[in-house]
Amino acid sequence: MERITSLVVVAAQITAAVAVSVSSALAQTAQPAEPYDLDELGAAKYRDALAHPVSGGSARPTPRLPDGKVDFGGKGVWAPLWVLDWADKKWVDKAIDVPFTPWGRATFNERRASLAKDDPEGYCLPPGVPRYTGTPHPFQMIQLPDRVVILYEGGSHTYRTIFMDGRKHTHEDQLNPTWLGESIGHWEGNDTLVVDTIGFNGRTWLDNVGHPATEKLHVIERYRRPDFNTLSYEVTIEDPVAYTRPWTTSFRIYFRPGWELLEYVCLENNKDLLHLNTAEPK
Amino acid sequence: MRNQNIWILITLLAAPAFVHAQWLNYPTPGIPRTPDGKPNLSAKTPRAADGKPDLSGLWQTEPGPPEIIERYIPGSTNGSGDAMPSQYFLNILSDFKPEESPLRPDVAALLQQHGPTYNVSPLWHCLPEGMPLVEMSPAPYKIIQKPGMTAMLYERDTTFRQVYTDGRKLPVDPQPTWLGYSVGKWDGDTLVVETLGFNDRSWLDARGHTHSEAMRLTERFRRLDFGHMEVQMTIDDPKTFTRPFSIKLKQLLQPDTDLLEDFCAENEKDLIHYEHK
């Protein structure tokens, strides 16, 4: 019950905070600087709690599978922060000067100016890859011999498959464009799970502030578990339509022992669609 | 009645189309094969490390007999191929003659309202199919059996549920959800999954049979051999039915294919046209 309270209530507060602060910030300027102030509505408590490991947990060593590879599982969940801006030091390890193309910059600015009203997540569409990892719903990773399955509680209650059986990416002509793309993983040593994803449908946003992505998006993620309670997540974004060169960002996600995934159905209470006067995001 | 048939047909059309090229012919590793390389679906039931049957694999409920499907949707089985659903997907009370139906009379009256009222179906709003409908859908689902937890990944709307097999008891008064709260334990070679904690919003079938929050579902999964599974589902909901009743599904392993991505909300054009209350 404690977790239901902390997640559901505070996530609602964050939603309210984002809506309020986006409108106030953007009334003055279309620049992305500091559009969110979560502290006002008390959501900072939630953020602070999830921004640190549970006390005493870091001392436990990285769990490993019989073959020596890192075990990303355990009785508990990975509970990410809501990484609202994947380039802002407030949420990620270091500030990124995002190398926009002119199209990328224009698209980003338009999203800022329109108060992110076309954010696919607002329509209960999938956050996609890599945005799931910065969406504030816990996830679990299940490692099988031929694949890694990630169960996401949120955005909404879905799963992702990462093939680990050595197959190659489907040829570009045969790729079926999807929200989550086609993910193929491999190990670098025993410590780093590298996941390479292509085949996107170009409809996702990288984050809440609206960093764009197109069908040309290529995502390379690196998952590490330096100690029991820490998931070190690094992602490289490559998309020649939106960015002049690849850029890399990273953040940490902490393990919450004993937590379990709950059911989250975004469409269950989506009242916005009718008020947005469209059933379709741009 | 005519309206109901249209409703069911439209529900089926809303199902994902199985025409994608990706992974449909990728050989599934670990499947026993005959000398000519074809999957040997009558090979023996695989076992997990603890000696119990391993239910892991990609499964799909067998389509119903054409003569029964034809009864619900006339003309539908002509050339529709393997996308036809189970008869229980269309009508969970398919086994019963009308006079023997376990449906309570007051609930039967409600069903009469649902028949012609398309937009009250949760599916129209891209809400979850819920249990047990999602598991009888004409779409595959993948079972992942791990120590302490078995996960079911449903292709329909790319959603999942978790069945805890770590010995815990069912919660007393859980938060009501579409898929409920499931715990499982072995009865010999049969995995018995008990689920409660449902909300009362999902439909049991495409016809519009509803249920209450008091529903309890018991599933008995028995993997007969490598390629075949029998799932007995018992529904006990005294607020909806006069007595518990069971259906038996045959499920077939789907070799050399995989789950595809399906998000109902992706192409949702209807919502805005509905008259909302």
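For the range B:52-191, the share of alpha carbon pairs falling in successive 5 Å distance bins from zero is 2, 8, 13, 16, 19, 17, 13, 8, 3, 0 percent. Rounded to 0.05, the FRET efficiency of the B:Asp36 and B:Thr257 pair, given R0 = 22 Å and the Cβ-Cβ distance, is 0.70. Along its principal axes, the range A:78-142 has C-alpha extents of 40, 30, 18 angstrom, given from the largest down.
State the Kirkwood hydrodynamic radius of the range B:116-171 in Å, one decimal place, computed from all pairs of distinct Cα atoms.
12.9 Å
Cross-link reach is defined here as a Cα-Cα straight distance under 12 Å, omitting same-chain residues fewer than 8 places apart; for A:Lys75 the aspartates and glutamates meeting it are A:Glu260, B:Asp166. In this structure the amide hydrogen of A:Gly76, modeled in the peptide plane, comes within under 5 Å of the amide hydrogens of A:Gly258, none closer than 5 places in sequence on its chain. Excluding same-chain neighbours fewer than eight residues apart, the aspartates and glutamates reachable from B:Lys44 by a Cα-Cα span under 12 Å are B:Asp54, B:Asp225.
The distance from the alpha carbon centre of the range B:121-167 to that of the range A:109-132 is 27 Å, rounded to a whole number. Placing dummy labels 7 Å off each Cα toward the beta-carbon, the span from A:Gln174 to A:Val194 is 2.4 nm. Close lysine pairs were tallied over the range B:48-186: pairs 8 or more places apart or on different chains with Cα atoms under 28 Å apart number 9. Take the alpha-carbon centre of the range B:28-61, take the same for the range A:64-98, and report the distance between them in whole Å. After rounding, the separation between the Cα centres reads 35 Å. For the range B:171-276, a crude dipole built from +1 on the beta carbon of Lys and Arg and -1 on the beta carbon of Asp and Glu, taken about the Cα centre, is about 560 debye to the nearest 20. For a paramagnetic label modelled on B:Lys44 (point 7 Å from Cα along Cα→Cβ), amide N atoms under 20 Å away belong, within the range B:155-193, to B:187-191. Per-residue shielding of A:257-270, expressed as the average number of other chain Cβ atoms within 10 Å of the residue Cβ, stands at 5. Here the calculated FRET efficiency for A:Lys75 and A:Asp146, from their Cβ-Cβ distance with R0 = 22 Å, stands at 0.40, rounded to the nearest 0.05.
Using the Kirkwood radius built from alpha carbon pairs, what does the Stokes-Einstein equation give as D for the range A:169-268 at 4 °C and 1.567 mPa s, in µm² per second?
84 µm²/s
Taking every DSSP bridge with both residues inside the range A:133-200, close to 85 percent are antiparallel.
Three principal axis extents of the range A:127-202 based on alpha-carbon atoms, in descending order, are 32, 32, 16 Å. The calculated FRET efficiency for the pair B:Arg243 and A:Thr62, based on their C-beta separation and a Förster distance of 60 Å, comes to about 0.65.
Over the range A:48-160, the fraction of Cα-Cα pairs per 10 Å bin, rounded to whole percents and listed from the shortest bin up, is 11, 32, 35, 17, 6, 0.
We did not get these values from a lab; they are worked out from the coordinates using the rules stated. Please read these numbers as outputs of a predicted model, since none were measured by experiment. A quick note on method: Cβ atoms are made from the backbone with ideal geometry, for glycine too, and the neighbour counts reach across all protein chains shown.
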